[in-house]
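Data first, discussion second: the structure below is written as structure tokens.
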Amino acid sequence: MAKKKAKKGAKADKRVGAAGGDEPAAAATAEKRAAAANAAGSGGAKPAGGRRTSVTAQVRSSRKRRQQRVNIAVGAGLATVIVTAIAVQVVREVSRPGQRFPSLGNLHLASINTQHVPYNSDPPTSGPHMPTIAAWGSYTEPIADEYLVHNMEDAGVVIWYEMGTPEENAENVAALEQVARGYRRVIIVPREDLGSKYALTAWQRLQRFDEIDEAAMRRFIEAYEGIDHHPR
């Protein structure tokens, strides 16, 4: 009986020892699981941060595209305004009365006898001129071009008529004064070899008439009288 009990005790000790021998393995397994859990927890946080970065990038990209669309729209609007303004100016220039001549500048002459470049229209419409102007009003005798060009620079219109007899000159003056009524900066003056019965000039503009056309003449005066042409 004593031997049997001793054997049972030895077996029990073995089981206990075996159980005790499993404790380090169990601890190691638990540590591995904890480490895996920590790793999983740490790894799970990364995607959340990545999503936030991705959303921010998308918002910035969307704002950039929206700003680009705004910039394109603004640029297109400005281009339209500029093109429209140029087109309007071209239409206005074409629709203005009279033939246009290039400007010959605003040079002042030392005297009426000073040599200067020839005028590019007849009667003249721009170019070298005397420092003083002729008095506004009507004349039955010619006035030197160099004075009248200055009148045109000073926002004036010159109404020319073909030089005739004193009686014809007086008749023309009376008729043309009726055309020019209400305007202040106008000179009515005769010219020999005018090339037409009448002509109206302003700075860089010339329009000829074979007879008095009051409506057309007043359109010319209205378009140019009062516009100053001094260099700025």
Using a basic spin-label model with each label point 7 Å from the Cα along Cα→Cβ, how many nm lie between Ser196 and Glu222? 1.9
Estimated vicinal HN-Hα couplings, Hz - the stretch 173-187 in sequence order (Karplus 6.51, -1.76, 1.60; Gly, Pro = x): 4, 4, 5, 6, 5, 5, 4, 8, 4, x, 9, 9, 9, 9, 10
Given the protein chains as shown and a 1.4 Å probe, how many square angstrom of Ile143 are accessible, to the nearest 10? 40
The stretch 192-197 - phi-based ³J(HN,Hα) in whole Hz, Karplus 6.51/-1.76/1.60, Gly and Pro as x: 6, 6, 5, x, 7, 5
Show the residues, 5+ positions off or on another chain, whose built amide H is closer than 5 Å to the amide H of Ile188. Gly137, Ser138, Tyr139, Ile159
Scan around Met130 for amide H atoms under 5 Å from its own, H built in the peptide plane at 1.01 Å from N, and keep only partners 5 or more places away or cross-chain. Leu109, Tyr147, His150
In terms of modelled amide H atoms, which long-range or inter-chain residues lie less than 5 Å from the amide H of Ala155? His229
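The values are calculated or read from the model by the stated rules, or taken from the named source; none is laboratory data. Note that the coordinates shown come from a computational prediction; the quantities given were computed from them, not determined experimentally. With ideal geometry, Cβ positions are generated from the backbone for all residues, glycine too; neighbour counts draw on all protein chains shown. Heads up: the accessible areas ignore ligands, DNA and RNA and are worked out on the full protein's heavy atoms, side chains in. Shrake-Rupley method; radii C 1.70, N 1.55, O 1.52, S 1.80 Å.
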